[in-house]
Structures are given as structure tokens and as C-alpha cells.
Amino acid sequence: YPERCKSCEFLKYCGGRCLYAQMESYWSEEAFEAVDRVTKEYLRIVLSGITEINELINEGIIRKEDLYYDPTEDSTEVIP
């Protein structure tokens, strides 16, 4: 993982998702930090709904399979 990611509270969720872009230096530091901020906020929002999502799964309203996104569908970097 990139050094900056090793102490991040969200590493276990994103897995250093932009490792490739960071190592290849496609983005400026400012752009990388912007993506980092957006990713963290996205994860905060998703994680805040985990209890409700689990309840919907347990009630049979949604299925876990409905939440799966195949990262090979397009070329974007995907948070697992």
C-alpha cells in the first residue's frame, strides 16, 4: 500500500484503491488529495447505512447480490 494509506482508517474498505494511479503518477498531488477526500466521504456515507442495509437484507427486501458491482464492467477504479 502507499505509505500515506497505511495509517488511514478506511484502508480495510478501499484497499488503497488508487495504488496504480499513485504509483504511475497520473494525478497531481492536489488531484490525488481530492480523490482521497471524496473516497473517504463516500465511505463514511456508505458505512453509516450498514445497519439499515443489513436489516433490509435480513427482511428479504434486498439481496446481497443486488449490491455487487463487477469491476470489469468498466475501467474505473472500484472500491471493493
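The values are calculated or read from the model by the stated rules, or taken from the named source; none is laboratory data. Since this is a predicted model, take the numbers as computed values, not measurements. Every residue, glycine among them, receives a Cβ derived from its backbone with ideal geometry; neighbour counts consider all protein chains shown.
Observations, loosely collected:
- Among residues that are of a type in the set (Ser, Thr, Tyr) and more than 30 Å from GLU3 (Cβ to Cβ), THR39 is not included.
- Residue ID - farthest from GLU3 (Cα to Cα), chosen from residues in region 42-80 that are charged (D, E, K, R) and modelled with pLDDT of 90 or more: GLU59
- Restricted to helices (runs of 4 or more DSSP H) entirely inside region 1-70, those with at least 3 residues that are surrounded by 12 or more Cβ atoms within 10 Å (Cβ to Cβ) and either in contact with a His (Cβ under 8 Å, 6 or more places away or on another chain) or among the β-branched types (Val, Ile, Thr) (or both) are 29-48.
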